[in-house]
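Structure first, commentary second.
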Amino acid sequence: MTRVRWALGTVGVLLVLCGVRAFVVAVPPRQWPGVATWLGAGVVVHDGLLAPCAVVLGWLVLRRAPEVVRPPLRLGLLAAVTVAVIGIPLLAA
């Protein structure tokens, strides 16, 4: 198992380095502050809005749902939130 973990970790690091290289090559340096702001705002929105909403939604809805429908309900809610997070900025543009 250790070799598999090392291999996956190595592949992950190489992919991150490819992404950093692509960013440095494709994005002009004058746009880097905007990208940093966008990434920082994403963390703030996730931790300050989306995560607490998910906890409250899970507490309110899922605990009242019958045990048999909880997994499909979780999956459906996750899919709906994912589509909303991707779709709302596209509609706003």
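List of remarks:
- Which listed residue, of ALA26, ALA65, is surrounded by 10 or more Cβ atoms within 10 Å (Cβ to Cβ) and of a type in the set (Gly, Ala, Ser): ALA65
- For the range 60-93, the set of residues classified as over 23 Å from VAL45 (Cβ atoms) and assigned to a loop (DSSP other than H, G, I, E, B) consists of ARG63, ARG64, ALA65, PRO66, listed by residue number.
- GLY34 being part of a helix (DSSP H, G or I) and either touching a strand residue (DSSP E or B) at 6+ places or on another chain (Cβ under 9 Å) or farther than 27 Å from VAL85 by Cβ (or both): no
Taken together, the values in this text are just the output of simple stated rules run on the coordinates, not laboratory data. Keep in mind that what you see is a predicted model, and the values were worked out from it rather than measured. A quick note on method: Cβ atoms are made from the backbone with ideal geometry, for glycine too, and the neighbour counts reach across all protein chains shown.
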